[in-house]
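Peer 1: Right, I'll just put the structure down here and ask away after.
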Amino acid sequence: MAKKDRASVRDVLRIGKGSADETARHDPGSFPIGPHKKPQAQQELLGSAGKLAKLQEALYAEGVGGGGRSLLLVLQGMDTSGKGGTVGHVLGLVNPMGVRYAGFKKPTAAERRHHYLWRVRKQLPVPGQVGVFDRSHFEDILVPRVQKLVPAAEWRKRYAEINDFEAELTAAGTTIVKVFLDISPDAQLKRLKARLDNPDKHWKYNPADLDARAQWADYQKAYADVFAKTSTPSAPWYAVPADHKWYRNWLVAQLLIETLEEMDPKFPVTDFDPETELKKLEGVGVPA
């Protein structure tokens, strides 16, 4: 990278309380760090695949060996921002055995009979895993607030509840990476049109998406408050410019690599001598 791009991707994209500017987000179509061209970004993403896979393998092995740490990637964003695409392009670079994916849709009747965090706790990664939330517990602030489903006092108290919940996870060994895939209204319009123009993509289109689009300003205000009130030193928010899919994927991959490098997972120390075992192996014949 050029000298100007040597800053940490996490430092450049961090938003919310505790960041240099609590309200500042890069333009969704901008390139604040890293490659500015698609071929370069794709080449770098493929080049970093081995590093990401090795780090994830070490975390998985650490968990198998009795370690207690895990990583949780939380993906939030407006419709068409690319939550599913990010999972496919970035997490597709690592061993699926060590990944736990959970997509949170509208709560079912059974889920609504419980506290809103009940269904979230059931999907948390176990030691050694990289967990991925496609939408998350933050939907239980955003949607009720914008659609006025519960009294304001109810969703307002959830900021503190979620901060306590995430502090609990962090204390138990889970590193949390919260990512807002920041798409512009114009880019969303193009993607929605593309879904309607292609019969093979009709299944991805939901007429209800237009309702959320009509409330764009309300959702942006709700998100801004979420960032300001729930970005903590141990679980900060990162705003990823998401108008360009290839750049979005590169950024999220770098966020994961930087986070895992800081975690520095270790392969467990074996309780046997490899050289001795190799000699024993070479001396054992194959049964007839």
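Peer 1: Step through the residues of region 65-76 one at a time and calculate ³J(HN,Hα) from phi using the Karplus curve (6.51 cos²θ - 1.76 cosθ + 1.60, θ = phi - 60°), rounding each to whole Hz and writing x for Gly and Pro.
Peer 2: Per-residue couplings from phi come out as x, x, x, x, 9, 8, 10, 10, 9, 9, 10, 10 Hz.
Peer 1: Tally the DSSP beta bridges in the chain and give the antiparallel ones as a percent, rounded to 5.
Peer 2: Within the chain, antiparallel bridges account for around 10 percent of the total.
Peer 1: What accessible area per residue comes out for region 110-244, rounded to a whole number of Å², with a 1.4 Å probe?
Peer 2: 48 Å²
Peer 1: Would you mind telling me the share, in percent, of accessible area of region 79-175 contributed by carbon and sulfur at probe 1.4 angstrom?
Peer 2: It is 56 percent, rounded to a whole number.
Peer 1: Now for a separate question. To the nearest 20 Debye, how big is the dipole of the chain about its Cα centre, given +1 on the beta carbon of each Lys and Arg and -1 on that of each Asp and Glu?
Peer 2: Its charge dipole is roughly 960 debye.
Peer 1: While we're here: For the chain, what is the relative contact order in percent, using Cα pairs closer than 8 Å and at least 6 residues apart in sequence?
Peer 2: It rounds to 33 percent for the chain.
Peer 1: Local charge sum around K122 (other residues, Cβ-Cβ under 12 Å, Lys/Arg +1, Asp/Glu -1)?
Peer 2: Computed value for this residue: +2.
Peer 1: Tell me which residues come under 5 Å, amide H to amide H, from V177 once H is placed; ignore anything under 5 positions away on its chain.
Peer 2: Residues meeting the amide H criterion: L72, L73, V74.
Peer 1: Need one number: % antiparallel among DSSP beta bridges in region 1-136, to the nearest 5.
Peer 2: Antiparallel: roughly 0 percent of the beta bridges in region 1-136.
Peer 1: Turning to a different aspect of this structure: Projected area of region 130-226, taken from the Cα convex hull and averaged over every viewing direction, in nm²?
Peer 2: Average projection, Cα convex hull of region 130-226: 7.7 nm².
Peer 1: Using helices alone, what [θ] at 222 nm do you get for the chain, with -39,500 (n - 2.57) per DSSP H run of 4 or more residues, divided over all residues and rounded to the nearest 500?
Peer 2: Helices in the chain give a 222 nm mean residue ellipticity of -14500 deg cm²/dmol.
Peer 1: Now a separate question. With a sphere of radius 11 Å drawn around the Cβ of N249, what net charge do the other residues whose Cβ falls strictly inside it have (Lys, Arg +1; Asp, Glu -1)?
Peer 2: That works out to +2.
Peer 1: Translational D (Stokes-Einstein, µm²/s) of region 46-122 at 25 °C and 0.890 mPa s when Rh comes from the Kirkwood sum over C-alpha pairs?
Peer 2: Estimated diffusion coefficient is 166 µm²/s.
Peer 1: For every other residue with a beta carbon closer than 11 angstrom to the beta carbon of K190, add +1 if it is Lys or Arg and -1 if Asp or Glu, then tell me the sum.
Peer 2: With Lys, Arg at +1 and Asp, Glu at -1, the net is 0.
Peer 1: Counting only complete DSSP H runs, which helices of the chain cover 24 Å or more along their long axis at the Cα atoms and score a mean Kyte-Doolittle of -1.0 or above?
Peer 2: 38-64, 245-263
Peer 1: A follow-up question, please. Which residue, R100, R135, R113, has the most motion in a Gaussian network model of the chain that connects Cα atoms within less than 10 Å?
Peer 2: Taking springs between Cα atoms under 10 Å, the residue moving most is R113.
Peer 1: Most fluctuating residue of T108, T80, T174 in a GNM of the chain with Cα springs under 10 Å: which is it?
Peer 2: T108
The values are calculated or read from the model by the stated rules, or taken from the named source; none is laboratory data. Keep in mind the model is a prediction, meaning the values are calculated, not measured. Neighbour counts are summed over all protein chains in view; Cβ atoms, including those assigned to glycine, are modelled from backbone coordinates with ideal geometry. Note: areas computed on protein heavy atoms with side chains; ligands, DNA, RNA excluded. Shrake-Rupley method; radii C 1.70, N 1.55, O 1.52, S 1.80 Å.
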